[in-house]
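A.B. asks: Pasting in a structure now, in structure tokens, and then I'll have a few things to ask.
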Amino acid sequence: MVRHAWSLTAWWLLLVLALWLLGQAVGQTSSLTACAASSAFLIGIGEIGDWLRRPLAAHRRRTGPATKRSRSMHVQG
């Protein structure tokens, strides 16, 4: 759990820096606070997406080979 928190913190800091530097590069300067809030939002959306993806991927792994076998039997006749 602690390792996951450190990983999220590192990604958050990298994203804050990337957003801030990108804003500087294109002339759309923004405060570090605004970049921090945006990166927290983006990471939150990503974590929610990952949280939703994991059960679906596990379900596909459980039903994947059986579905493929039954389809191939129907195709072969």
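The values are calculated or read from the model by the stated rules, or taken from the named source; none is laboratory data. Just so it is clear, the structure is predicted and the values come from calculations on it, not from any experiment. We work out accessible area using only protein heavy atoms, side chains counted, and drop any ligands, DNA or RNA first. Shrake-Rupley method; radii C 1.70, N 1.55, O 1.52, S 1.80 Å.
A.B. asks: Which ones in segment 47-77 are among the aromatic types (F, W, Y) and either at pLDDT below 80 or open to solvent by less than 50 Å² (accessible area, probe 1.4 Å) (or both)?
C.D. replies: none
A.B. asks: Can I ask one more? Of the residues in segment 25-46, how many are at pLDDT 90 or above and open to solvent by less than 80 Å² (accessible area, probe 1.4 Å)?
C.D. replies: Going through segment 25-46 one residue at a time, the tally reaches 12.
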